[in-house]
Amino acid sequence: MRNPTLSRRALLQAGGSLVVTFSLAPMLERSALAAGATAKPLAPGEVDSFLAIGADGTVTCYSGKVDLGTGVATALRQIVADELAVGLDRIALITGDTLLTPDQGVTSGSFSIENGGMQIRQACATARAALVSEAARSWKVAASELSAADGMVRANTGSRSVSYAQLVGGKRFSLALDPKAPLLAPSRYRFVGKPVPRVDIPGKVTGEFTFMQDFRVPGMLHARVVRPAAIGARLLAVDERSVNAIPDLVKVVRQGNFLAVVARSEWGAVKGAKLLRATWSEWSDLPDQSRLWEHVRATKVVRDDVTSNVGHAEQVLPQAATHASATYDFAIHTHGSIGPSCAVADFRDGKLTSWSASQATHNLRKQLAAMFSLPLADVRAIYVEGAGCYGRNGHEDAAADAALLARALGKPVRVQWMRADEHGWDPKGPPTLIDMQAGLDARGNVMAWHSQFHIPQGVAGPVALVAADLAGLPHEMNISPGNILNDTGVPYVFPNVLTVAHRLADTPLRPSWIRSPGRMQNTFANEAFMDELAIAAKADPFEFRTRHLRDPRGEAVLKRLQALARWQGRGTPERTGPGIATGRGVAYVKYELVRTYVGIVATVEVDRRTGAIRVSHCAVVQDCGQVINPDGTRNQIEGNVLQTVSRTLLEQVKFNRSRVTTLDWVSYPILTFPQIPAVDIELIDRPTEKPWGVGECAAAVVPAAISNAVFDAVGVRLRSVPFLPDKVLAALKGA
């Protein structure tokens, strides 16, 4: 949606008609609808919630899932074009607007196509069948004698045809989504499975694309929030005279511990936030970072979640011919969004409109309604793509900031976070500590596997809003994220397996989901430990994994990966003397044990003198079922690899007893262009299978592959992410 400020009236006029369909319910006047007489259907079980056909034949698709830069806006159009039999150029897409789009859940977990796209596909199939049936009824022929193509229903013989627009007139479908409506046969796809160019890229290349950071509304004021000196500090005093010299200052807003400067220009707000003198209380309740893992291990366990239990692992382990154990840890990460979070809010006549890059606008709507004690119907949240997301970062918090200030000023307010806000105050990927044990029999097979994961308690609900907390407004203080148990289990078949997650009562910093949350950390430990077991068994890591698989699709991925990577077995790199050693490592996952298969071989160069690691090449094979857009899928795999190489080699949040201290790109570095590895990708397309997720799956295998490659290169194990040079040097010294 290029113009997120589009009014309801303008939307209907632009489409040429009301949300059109063909029940006998008459079309209401546009003015009546614009005045709120009849709301657009939003229930996920209704076709009208997802589709509208204009008088000119334009198809508008309404998606609750949004495009986070993942190419979903293109892939959804491909799905609609094929299933509804229209051209790509006839499709408009509106996403993440709580007034217009159904709630399809948070855009996360690689479910945008797998779940959200399949709902839309089924709605299109239902609509297509209904259009054909309506034409058949009108012509008094059997529906089997007709077919849909190019926005028309046509007779299979002869030239008779009727357009969708002619069929539906100005009426709604008023149809329940039929889960049994027949889908188009894959052999008839025109667009799905083809590398259709992404619709968003041209505007992003030319600078014409409107990111949230570029978004404006008339009469908008600008604000900067003045953050507490420590995370838990209380605001004791404010000297408003300290900003009197700023000519375009509008107001200093204080509510509880929430403090902000509002000005007519952005630069005025920036200067005001810098100059405003405020006194805060002391607070130093964060743990000592140098003892982080002792703190994690000592944190109260709320409950134990047994995520897999086969046989009698604890009893069998002592009987093993060979024992292995290891502990892995994964640092706290920030999202590192290139564009700091931003939001605009307008709070008038008791109604709130929020524009943000939230990937969960329907959840944000509920949070804002609760924060201001508003009826849900009086809050509208609209998605505008942000410059960087990767999980629940600061976008929702910026939205709460803007809403609070818009209420205080009675005018639209834009809040743009600064880099220190983003790095210091966005919620973090929590620390993960994992203990592994396994036993091999005399033939080198895994006879018992026991793993224990120390992770936050977790809930499936939204992450609490900072502004609500600071201002003392209603909100839920949940420990998040939930669903980070996934991939604690392994995709291999062992006779005795016990995997347990110790759910911790708290975690040092406000936690959130970051790309491949939990899955990356858990797969890192599983796949690095599998490599350790392969070495103990004196087995090739591919052969060792395949030996313990009972999954033909997983085996096919590993076989294709061996060929793509030209794997000839482990090398025998030089492990003595100065210089750079090269090694390769493999990792594999069946994501969440139920979907997308990914295998990777990483090639690394390790400088023995400095401890620096460079990932020079990655080969990736992925089976995500039906591929909607192979170009977009490759984009996502490449993005997963590059971002996770950065997270594995460079990134960790640092903090003192009061606050986060990694507040810029120097203290929290990310991968630079000269450090980017080459990436070769092979997709296993299965057109007749359900499409699975793509947006985060390939990230899960990267850290273990790098760790395993480093061992291949220099013979030392790296079990602590990030793999910083000092850790490498210490490992080499202790080897």
Exclusive hit being in contact with a Ser or Thr (Cβ under 9 Å, 6 or more places away or on another chain) and not assigned by TED's automatic domain parsing to the domain that holds residue 474, set 341, 373, 325: 341
If I filter region 586-600 down to residues being assigned to a strand (DSSP E or B) and either within 24 Å of the chain's Cα centre (by Cα) or free of Cβ contacts under 8 Å to residues at least 40 places away in the same chain (or both), which single residue comes out as surrounded by the most Cβ atoms within 10 Å (Cβ to Cβ)? 600
So is residue 711 in the same structural domain as residue 527 (by TED's automatic domain parsing), over 22 Å from residue 332 (Cβ atoms) and surrounded by fewer than 24 Cβ atoms within 10 Å (Cβ to Cβ) or not? yes
Go through (1) part of a loop (DSSP other than H, G, I, E, B); (2) buried (at least 19 other Cβ atoms within 10 Å of the Cβ); (3) more than 24 Å from the chain's Cα centre (by Cα) for residue 462 and report which single condition fails. (3)
Given 408, 360, 381, 387, which one is in contact (Cβ under 8 Å) with a residue 12 or more places away in the chain, outside the structural domain of residue 505 (by TED's automatic domain parsing) and out of contact with any Gly (no Cβ under 9 Å at 6 or more places or on another chain)? 408
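To keep it simple, each residue is scored yes or no on (1) more than 25 Å from residue 698 (Cβ to Cβ); (2) surrounded by 24 or more Cβ atoms within 10 Å (Cβ to Cβ); (3) at pLDDT 95 or above.
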residue: 379; (1), (2), (3): yes, yes, yes
residue: 395; (1), (2), (3): no, yes, yes
residue: 399; (1), (2), (3): yes, yes, yes
residue: 404; (1), (2), (3): yes, yes, yes
residue: 410; (1), (2), (3): yes, no, yes
residue: 414; (1), (2), (3): yes, yes, yes
residue: 417; (1), (2), (3): yes, yes, yes
residue: 442; (1), (2), (3): yes, no, yes
residue: 447; (1), (2), (3): yes, no, yes
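If we only count helices (runs of 4 or more DSSP H) wholly inside region 352-453, which ones have 1 or more residues that are of a type outside the set (Gly, Ala, Ser) and under 21 Å from residue 103 (Cβ atoms)? Steps first, please.
Numbers: elements: 361-371, 395-409, 419-425.
So the answer is 361-371, 395-409.
So which residues in region 45-58 are in contact with a Leu (Cβ under 6 Å, 6 or more places away or on another chain) and surrounded by fewer than 24 Cβ atoms within 10 Å (Cβ to Cβ)? Spell out how you get there, then give the answer.
Keep residues of region 45-58 that are in contact with a Leu (Cβ under 6 Å, 6 or more places away or on another chain), which gives 45, 47, 49.
If the condition is that a residue be in contact with a Leu (Cβ under 6 Å, 6 or more places away or on another chain) and surrounded by fewer than 24 Cβ atoms within 10 Å (Cβ to Cβ), then 45 is the only one that fits.
Give 383, 390 a once-over and let me know the one that is out of contact with any Asp or Glu (no Cβ under 8 Å at 6 or more places or on another chain) and of a type in the set (Ser, Thr, Tyr).
Values: 383 fails: out of contact with any Asp or Glu (no Cβ under 8 Å at 6 or more places or on another chain).
Of 383, 390, the one residue that is out of contact with any Asp or Glu (no Cβ under 8 Å at 6 or more places or on another chain) and of a type in the set (Ser, Thr, Tyr) is 390.
In the set 246, 231, which member is of a type in the set (Val, Ile, Thr), part of a loop (DSSP other than H, G, I, E, B) and within 30 Å of the chain's Cα centre (by Cα)? Outline the logic, then answer.
Values: 246 fails: within 30 Å of the chain's Cα centre (by Cα).
Within the list 246, 231, the selection yields 231.
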Residue 695 versus (1) in contact with a Leu (Cβ under 9 Å, 6 or more places away or on another chain); (2) not in a loop (DSSP other than H, G, I, E, B): which is the lone unmet condition? (2)
Hey, could you check region 666-692 for residues that are in a loop (DSSP other than H, G, I, E, B), under 24 Å from residue 614 (Cβ atoms) and β-branched (Val, Ile, Thr) and say which is nearest to the chain's Cα centre (by Cα)? 670
Sort through 254, 224 and tell me the only one that's at pLDDT 95 or above, surrounded by 15 or more Cβ atoms within 10 Å (Cβ to Cβ) and within 30 Å of the chain's Cα centre (by Cα). 224
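Which one is nearest to residue 504 (Cα to Cα), of the residues in region 274-312 that are in contact with a helix residue (DSSP H, G or I) (Cβ under 7 Å, 6 or more places away or on another chain) and outside any loop (DSSP other than H, G, I, E, B)? Walk me through how you get there before you give the answer.
Filtering region 274-312 down to residues in contact with a helix residue (DSSP H, G or I) (Cβ under 7 Å, 6 or more places away or on another chain) leaves 275-277, 287.
Restricting the remaining residues to those that are outside any loop (DSSP other than H, G, I, E, B) gives 275, 277.
Numbers: 275: 41, 277: 38 Å.
Result: 277.
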Take the conditions more than 23 Å from residue 514 (Cα to Cα) and out of contact with any helix residue (DSSP H, G or I) (no Cβ under 6 Å at 6 or more places or on another chain) and apply them to residue 403. Does it pass? no
Which ones in region 322-349 are in contact with a strand residue (DSSP E or B) (Cβ under 6 Å, 6 or more places away or on another chain) and either under 30 Å from residue 378 (Cα atoms) or of a type in the set (Gly, Ala, Ser) (or both)? 324, 325, 326, 331, 342, 343, 344, 345, 346
With the checklist (1) assigned to a strand (DSSP E or B); (2) out of contact with any strand residue (DSSP E or B) (no Cβ under 8 Å at 6 or more places or on another chain) in hand, flag the one item residue 555 doesn't pass. (1)
Give 128, 121, 154, 172 a once-over and let me know the one that is of a type outside the set (Asp, Glu) and free of Cβ contacts under 8 Å to residues at least 40 places away in the same chain. 154
Quick one: in region 303-361, of everything that is of a type in the set (D, E, K, R) and farther than 30 Å from residue 717 by Cα, which residue is surrounded by the fewest Cβ atoms within 10 Å (Cβ to Cβ)? 349
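Do we find that residue 297 is of a type outside the set (Gly, Ala, Ser) and in contact (Cβ under 8 Å) with a residue 40 or more places away in the chain in this structure?
Numbers: of a type outside the set (Gly, Ala, Ser): yes; in contact (Cβ under 8 Å) with a residue 40 or more places away in the chain: yes.
When the stated conditions are applied, residue 297 passes them.
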For residue 97, are the conditions met, namely being buried (at least 20 other Cβ atoms within 10 Å of the Cβ) and farther than 24 Å from residue 692 by Cα? yes
Quick one: is residue 299 among the hydroxyl-bearing types (Ser, Thr, Tyr), surrounded by 12 or more Cβ atoms within 10 Å (Cβ to Cβ), under 30 Å from residue 414 (Cα atoms) and at pLDDT 95 or above? no
Residue 626 touching a helix residue (DSSP H, G or I) at 6+ places or on another chain (Cβ under 9 Å), under 19 Å from residue 557 (Cβ atoms) and part of a loop (DSSP other than H, G, I, E, B): yes
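Just to be sure, is residue 424 under 24 Å from the mean Cα position of the chain (by Cα) and more than 26 Å from residue 338 (Cβ to Cβ)?
Details: under 24 Å from the mean Cα position of the chain (by Cα): yes; more than 26 Å from residue 338 (Cβ to Cβ): no.
When the stated conditions are applied, residue 424 does not pass them.
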Verdict on residue 271 being assigned to a helix (DSSP H, G or I) and basic (Lys, Arg): yes
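The values are calculated or read from the model by the stated rules, or taken from the named source; none is laboratory data. None of these values were measured; they are calculated from a predicted model. So basically every Cβ, Gly included, is an ideal-geometry build from the backbone, and we count neighbours across all protein chains shown.
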